[in-house]
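Below is one structure, written out as structure tokens, with a few remarks after it.
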Amino acid sequence: MRFVAKQPREGINVSDTHPLVEAGALIAGIGAISLIIALALIFLIEVALYFLPVDKEAQIFADWLPEDLVTISPNDERLIETQALVDRLTEHWQDRPYSFRVEIDDSEIANAMALPGGLVIVTQGLLDQVESENELAFVLGHELGHFKNRDHIRALGRAIVFSLFFAVITDNDVGGVGITVADLALRGFSRSQESKADEFGLAIVNSEYGHVNEASRLFVRWDTDGDLVDEIVSYLSTHPNSGDRVESLRELARLEAWRTDGEITNLSW
Ligand SMILES: [Zn+2]
């Protein structure tokens, strides 16, 4: 019998699926794999950071500033006074592992952040909102509470991975990856991390002034003045609802029997 080679049928290499559907599946697959890689990286970096001893963290980040931070003049009175206030407040934290640095972000939108290495950032917008030293002291005390509980380091993995992916996508030099305020602003802390930071903040305010009068007055105003929303949106996106906070701070002061009627200290500016 003679062997007759059969011709392959027409279009054997052509899939029955529409090319756009296949392209879609490919993109979705690559997307899913990238997402898994990103999540695994975030997890690994956060685990590594969790075990990073605090003195090493302080050393590594001693002179570090986020890449996109626009600071104000080092001679600015508000910067000098805010740094002095942080220095006074941290005197009440005996075994503090950092020498705290304050920087003022030249942004009109109120915000405050605790960043690696003991860096406290407050914005010009936040300083515009505070009306007494007692109000500012509590905002700063709250951020100090995040350092105390090392919350600030746990969300850092996310920021590092976002910076890395951004560098890859935009084809920038990965060696020059910088962590930005914009990346860090993405993070939010849990309710319990926030309330622990509030407890630490109020305790430190009480140690400094001998009372907690006006510690939460800023949040009373924010809770009642609906016109302020645009100015405080960043702070509110990373901190709990102002009204809830005022309630729980009042309750805390009552439980701890801290005075709520002491003398108010004016701001020097
Ligand atoms: Zn917080």
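Between Ile27 and Ile109, what is the label-to-label distance in nm when each label sits 7 Å out along the Cα-to-Cβ direction?
2.9 nm
Once amide H atoms are built 1.01 Å from N in the peptide plane, which residues 5 or more positions from Arg101, or in another chain, come under 5 Å H to H?
The list, which skips near neighbours in sequence, is Leu119, Val120.
Can you tell me how much longer the chain between Phe43 and Arg259 gets when fully stretched, taken as 0.36 nm per residue apart minus their C-alpha distance, in nm with one decimal?
Contour length minus Cα-Cα distance gives 73.4 nm.
Determine ³J(HN,Hα), in whole Hz, for all residues of segment 50-67 in sequence, where each value follows from phi through the Karplus function 6.51 cos²θ - 1.76 cosθ + 1.60 and θ = phi - 60°; x replaces Gly and Pro.
4, 8, 6, x, 4, 5, 5, 4, 4, 6, 4, 9, 3, 10, 6, 9, x, 4
Given 0.36 nm per residue, what is the gain on full extension from Val54 to Leu20 after removing their alpha carbon distance, in nm?
Extra length available between Val54 and Leu20 comes to 7.1 nm.
When you count, for each residue, the other Cβ atoms within 10 Å and take the mean per peptide, how do 121-130, 89-98, 3-12 rank with the highest first?
Sorting 121-130, 89-98, 3-12 by mean packing, highest first, produces 121-130, 89-98, 3-12.
How high is the relative contact order of the chain, in percent, counting Cα pairs under 8 Å that sit 6 or more residues apart?
Computed value for the chain: 20 percent relative contact order.
When only C-alpha pairs under 8 Å and at least 6 residues apart count, what is the relative contact order of segment 46-163, in percent?
After rounding, I find 28 percent.
Per residue, how much accessible surface does the chain expose to a 1.4 Å probe? Answer in Å², no decimals.
Result: 56 Å² per residue.
Along the positive direction of the dipole of segment 117-269 (beta-carbon charges: Lys, Arg +1; Asp, Glu -1; about the Cα centre), which of Ser237, Thr265, Phe165 reaches farthest?
With unit charges placed on the Cβ atoms, the residue in question is Phe165.
Heavy atoms only, probe 1.4 Å: what % of the accessible area of the chain goes to carbon and sulfur, would you let me know? Write out the running numbers ahead of the final one.
Values: 8430 of 15010 Å².
So the carbon and sulfur contribution to the accessible surface is 56 percent.
Taking 7 Å along the Cα-to-C-beta vector as the label spot, tell me the Asn241-Leu35 distance in nanometres, rounded to one decimal.
Result for the modelled spin labels: 3.0 nm.
Please state, as a whole number in µm²/s, the translational diffusion coefficient that the Stokes-Einstein equation yields for segment 1-138 at 4 °C and 1.567 mPa s, with Rh defined as the Kirkwood radius across alpha carbon pairs.
64 µm²/s
Restricting to segment 22-163, compute how many DSSP beta bridges are antiparallel as a %, nearest 5.
Among the beta bridges of segment 22-163, antiparallel pairing accounts for roughly 50 percent.
Taking θ = phi - 60°, what integer Hz values does the Karplus form 6.51 cos²θ - 1.76 cosθ + 1.60 yield along segment 243-254, in sequence order, with x for Gly and Pro?
x, 4, 5, 4, 4, 6, 5, 5, 4, 4, 4, 5
If you average over every viewing direction, what projected area does the convex hull of the Cα atoms of segment 1-45 give, in nm²? Intermediate values should be presented prior to the final figure.
Working: hull surface 23.7 nm².
For segment 1-45, averaging the hull's shadow over all directions gives 5.9 nm².
Once you charge only the Cβ atoms, +1 for Lys and Arg and -1 for Asp and Glu, what is the size of the charge dipole of segment 9-92 about its Cα centre, to the nearest 20 debye?
With Lys and Arg at +1 and Asp and Glu at -1, about 360 debye.
Run the reach check for Lys196 against aspartates and glutamates, Cα to Cα strictly under 12 Å, same-chain hits fewer than 8 apart removed. What comes back?
Answer for Lys196, where 12 Å is the Cα cut-off: Glu143, Asp151, listed by chain and number.
Using only the alpha carbons of segment 197-269, determine the length spanned along each of the three principal axes and report them from longest to shortest in whole angstroms.
34, 30, 19
State the extension gain, in nm to one decimal, for the chain segment bounded by Arg88 and Glu131, taking 0.36 nm per residue of separation less the distance between their alpha-carbons. If you can, show how the numbers build up before the last one.
Values: separation 43, 0.36 × 43 = 15.48 nm, distance 1.89 nm.
Value of the extension gain: 13.6 nm.
Just want to confirm a number: the relative contact order over segment 114-269, from Cα pairs under 8 angstrom separated by 6+ residues, in percent.
Relative contact order here is 32 percent.
Would you compute the Debye intensity of the chain from its alpha-carbon atoms alone, equal scatterers and no solvent, and pass along log10 I(q)/I(0) at q = 0.11, 0.17 Å⁻¹ to two decimals?
-0.68, -1.38
Can you give me the distance in nm between label points at Ala62 and Ala167, each placed 7 Å from the Cα along the Cα-to-Cβ direction?
2.3 nm
The values are calculated or read from the model by the stated rules, or taken from the named source; none is laboratory data. Just so it is clear, the structure is predicted and the values come from calculations on it, not from any experiment. In this analysis, Cβ positions are derived from the backbone assuming ideal geometry, glycine residues included, and neighbour counts consider all displayed protein chains. All accessible areas refer to the heavy atoms of the entire protein, side chains included, with ligands and DNA or RNA removed. Shrake-Rupley method; radii C 1.70, N 1.55, O 1.52, S 1.80 Å.
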